[in-house]
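The values are calculated or read from the model by the stated rules, or taken from the named source; none is laboratory data. Fair warning: this is a prediction, and the values are worked out from it, not measured in the lab. Here the Cβ positions follow ideal geometry from the backbone for every residue, glycine too, while neighbour counts run over all protein chains shown.
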Amino acid sequence: MSVFMDLNLSYTNDKSRMQSLIETAAHLGYSTVAINYTYELTIKKSKVPVPTPIKDLMEKLPIVQGRCRPIRVLNRLTVVMSEQCHFKKTGREFSAYDLLAVQPATEKLFHAVERGIMFEVSYSAAIRDSTMRRYTIANAVSLVETCKGKNLILSSAAEKPLELRGPYDISNLGLLFGLSDGDAKEAVSSACRSVVLHGETRKTAGGIVHTMKCCSETPDQQEAPPADCEAPAAKRAKQLTE
Amino acid sequence: MRAELDQTPRSLLVSERSSFRDQKTRIRAQVEQLHFNYKVSVLLPECCSAPPHLDSIFNTFNSFYLIRNLPVYELLDKNFLETAVYQGSVYGVSYRTRIDEDNCVALTPKGHLTLSLDKDSFEILGVEGKPSRFNHRTKCRFVVSVDLTDSSMAPGGRGYQRLLTGLRSRLQLKTDFLLSHYPANTTTSLQALLSRYDWSEHRPQISRHTLTDLSCPALLTSDLQSCDPHSFMEWVGAVDANVSCENSSSSFLSSLVCPEPRTTVSRALSVSVCGLLLPHDVHRLIQEIRCYLEQPHLESWVCLTVHGYADSPVSWGDNEHSVLKGGENFYSLLMFQDDTYHLHLATGAHDTCPP
């Protein structure tokens, strides 16, 4: 298993509430959280929100309960789509986000996105309202039956710290949705890790080559090791000696 | 809804009845094999204060050390191996690391170093290891197990060098570490290692509770056919956690009840010791309790429970241990006046069968 993650903490402008959310998540044992910004694609001329840098939100990130490391905070964007618009996910405005999510508002779009991606079930709505609780459970049970318990993550979509629950509690909630013990635990750990790694590959070329901008603005931006570095022997170019 | 909702995660309970006088008793081996003990609790019925001999055992449990941010390659240090690991028994386990989330380290007294690593760390380390037995769909946890006393791991050897290089330059694994050494009078052998890092010595924490009007299963005879192990274990756990078994309607919905037939003892003493506790000290405690029971008492039994670390990479012997919902690995020893005992060994879902 990997560390516990909650990849959906709703963003609010209230800085103290955001800090409180992150502190509560660290106290409950989550090692990684993602702050979720929402973007409605259908509203004309709406701009992609710019994420607040994490160090502006919280100077010193709290230590995760029971471990010695501080919590890791990522930025996530959820694009709400109701029609098949052209959505260029490699656009510059999306590069500030570590994770991208799509919230299909119609069933048609749902089928279009079902291949090869993780599905997310959020539980905080079930905490807030009893009608939503019934819908959440019913929909989650159907989803689990369809995807057979794989490729599923459970997250909070919490707006307030009181809407967060501990990872083992959410793993038990997964049992209610029809997941097995192992699958339910994976839904808050390994599956989330896959999502985060997948998000990292968006910034690379095919998940293999990672490019960084050098300090000196050279036109060739490919990462090239300097000639005197400790490159592995097999890859060192032959030096012609005279 | 699926029918499996009423099932709890798998757990194992092994129950055994024997006598200390029996030649074939395995109690010594069973106690010895649970290397990393976190808590020992003793329940003494009809007793308000522990007798002095028993108290002295509690007070003379081995001290242990906490080293902050110890680089794990230091456990391969030649001097440490020669003066501590090869000589006596060194018990070490990583502290504040979760077995299902972090990288965990354990050093057993026979010189076995076990590293339970996540996928990334294992791939970076580059040493031979096996996937965890408790991986679910994906292989996300790996176990590297080395015998430091084996000739292939002698300092300077290939296996040793590879692991040392891996821990020193590739993975650079650092963790808080709990360390204890038996026999205790050779702790000077640990001083060289301790002096290099931020360390502190700790005494095990002892707490005592006097319980009044406690409902107990009627354990007057050791022929306890009516009380099944599960109910008995629930009761022992409830007493240890100070949970009432009265099941009164005014209190919170607890359905924990004392198994029938039951009796009431006017008072009982519950003593707990917490820390990195060694099997050797548990043995001494068992022997002392046997002496205590030889004297006539109102109630002729004592219950001793020993809990292992929930986040230890190994439980009994060198068997792999992990956490699914709970990482319990403990045993409960119910001792009687006639030197007979009932032993219950319990583990959680991600564990192997206790010995």
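When residue B:273 is evaluated against the numbered criteria (1) closer than 23 Å to residue B:204 by Cα; (2) within 14 Å of chain A (Cβ to nearest Cβ); (3) of a type in the set (A, V, I, L, M), which criterion, by number, is the only one it fails?
Just one mismatch for residue B:273, condition (2).
When the residues of the stretch B:37-55 are narrowed to those that are under 19 Å from residue B:215 (Cβ atoms) and within 25 Å of the chain's Cα centre (by Cα), which ends up surrounded by the fewest Cβ atoms within 10 Å (Cβ to Cβ)?
B:45
Checking the conditions here, which among A:175, A:162, A:179 is away from chain B (no Cβ under 14 Å) and either in contact with a helix residue (DSSP H, G or I) (Cβ under 7 Å, 6 or more places away or on another chain) or not in a strand (DSSP E or B) (or both)?
Numbers: A:175 fails: away from chain B (no Cβ under 14 Å); A:179 fails: away from chain B (no Cβ under 14 Å).
Answer to the selection: A:162.
Hey, does the stretch B:319-327 have a residue that's touching a residue at least 40 places away in the same chain (Cβ under 8 Å) and away from chain A (no Cβ under 14 Å)?
Checking the stretch B:319-327: not a single residue is touching a residue at least 40 places away in the same chain (Cβ under 8 Å) and away from chain A (no Cβ under 14 Å).
Has the stretch B:156-163 got at least one residue that is within 14 Å of chain A (Cβ to nearest Cβ), at pLDDT 90 or above and crowded, with 18+ Cβ neighbours inside 10 Å?
So far as the stretch B:156-163 goes, no, none of its residues is within 14 Å of chain A (Cβ to nearest Cβ), at pLDDT 90 or above and crowded, with 18+ Cβ neighbours inside 10 Å.
Based on what the data block shows, is residue A:48 closer than 25 Å to residue A:187 by Cα and in contact with a helix residue (DSSP H, G or I) (Cβ under 8 Å, 6 or more places away or on another chain)?
In short, no.
Exactly one condition in (1) within 14 Å of chain A (Cβ to nearest Cβ); (2) under 25 Å from residue B:7 (Cα atoms) is false for residue B:331; which is it?
(1)
Does residue B:122 satisfy being touching a Phe, Trp or Tyr at 6+ places or on another chain (Cβ under 9 Å), crowded, with 17+ Cβ neighbours inside 10 Å and within 14 Å of another protein chain (Cβ to nearest Cβ)?
Here the answer is yes, as residue B:122 does meet what is asked.
Would you be able to tell me the number of residues in the stretch A:146-159 that are part of a loop (DSSP other than H, G, I, E, B) and more than 21 Å from the chain's Cα centre (by Cα)?
Taking the stretch A:146-159 first, the residues part of a loop (DSSP other than H, G, I, E, B) are A:148-151, A:156-157, A:159.
Retained after the next criterion (residues that are more than 21 Å from the chain's Cα centre (by Cα)): A:148.
Of the residues in the stretch A:146-159, 1 are part of a loop (DSSP other than H, G, I, E, B) and more than 21 Å from the chain's Cα centre (by Cα).
Among the residues of the stretch B:213-241, what is the count of those that are modelled with pLDDT under 85 and surrounded by fewer than 18 Cβ atoms within 10 Å (Cβ to Cβ)? Full working, then the answer.
Step one: list which residues in the stretch B:213-241 are modelled with pLDDT under 85, which gives B:218-228.
Restricting the remaining residues to those that are surrounded by fewer than 18 Cβ atoms within 10 Å (Cβ to Cβ) gives B:218, B:220-221, B:223, B:225-226, B:228.
Residues in the stretch B:213-241 being modelled with pLDDT under 85 and surrounded by fewer than 18 Cβ atoms within 10 Å (Cβ to Cβ): 7 in total.
Kindly provide the set of residues from the stretch A:60-92 that are at pLDDT 90 or above and among the acidic types (Asp, Glu), ordered by number.
none
Exactly one of (1) in contact (Cβ under 8 Å) with a residue 40 or more places away in the chain; (2) more than 11 Å from every other protein chain (Cβ to nearest Cβ) is unmet by residue B:100. Its number?
Of (1) in contact (Cβ under 8 Å) with a residue 40 or more places away in the chain; (2) more than 11 Å from every other protein chain (Cβ to nearest Cβ), only one is false for residue B:100: (2).
All but one of (1) surrounded by fewer than 20 Cβ atoms within 10 Å (Cβ to Cβ); (2) more than 14 Å from chain A (Cβ to nearest Cβ); (3) not basic (Lys, Arg) hold for residue B:167; state the number of the condition that does not hold.
Failed condition: (1).
Residues that are free of Cβ contacts under 8 Å to residues at least 60 places away in the same chain, at least 1 per element: which strands (runs of 3 or more DSSP E) completely within the stretch A:1-107 meet that?
The strands (runs of 3 or more DSSP E) meeting that bar are A:32-40, A:72-81, A:99-104.
Out of curiosity, is residue B:18 outside the structural domain of residue B:234 (by TED's automatic domain parsing) and assigned to a strand (DSSP E or B)?
No; evaluated as a whole, the condition is false for this residue.
Among (1) surrounded by 10 or more Cβ atoms within 10 Å (Cβ to Cβ); (2) assigned to a loop (DSSP other than H, G, I, E, B); (3) at pLDDT below 90, which single condition is residue A:198 missing?
With (1) surrounded by 10 or more Cβ atoms within 10 Å (Cβ to Cβ); (2) assigned to a loop (DSSP other than H, G, I, E, B); (3) at pLDDT below 90 applied to residue A:198, the lone miss is (2).
Would you call residue B:70 in contact (Cβ under 8 Å) with a residue 60 or more places away in the chain, of a type in the set (A, V, I, L, M), more than 14 Å from every other protein chain (Cβ to nearest Cβ) and surrounded by 20 or more Cβ atoms within 10 Å (Cβ to Cβ)?
Here the answer is no, as residue B:70 does not meet what is asked.
Among the residues of the stretch B:309-345, which ones are closer than 19 Å to residue B:241 by Cβ, among the small types (Gly, Ala, Ser) and either buried (at least 24 other Cβ atoms within 10 Å of the Cβ) or not assigned by TED's automatic domain parsing to the domain that holds residue B:24 (or both)?
B:332
Every residue, every condition in (1) within 14 Å of chain B (Cβ to nearest Cβ); (2) within 15 Å of the chain's Cα centre (by Cα), yes or no:
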{"site": "A:4", "(1), (2)": "yes, yes"}
{"site": "A:21", "(1), (2)": "no, no"}
{"site": "A:28", "(1), (2)": "yes, no"}
{"site": "A:67", "(1), (2)": "yes, no"}
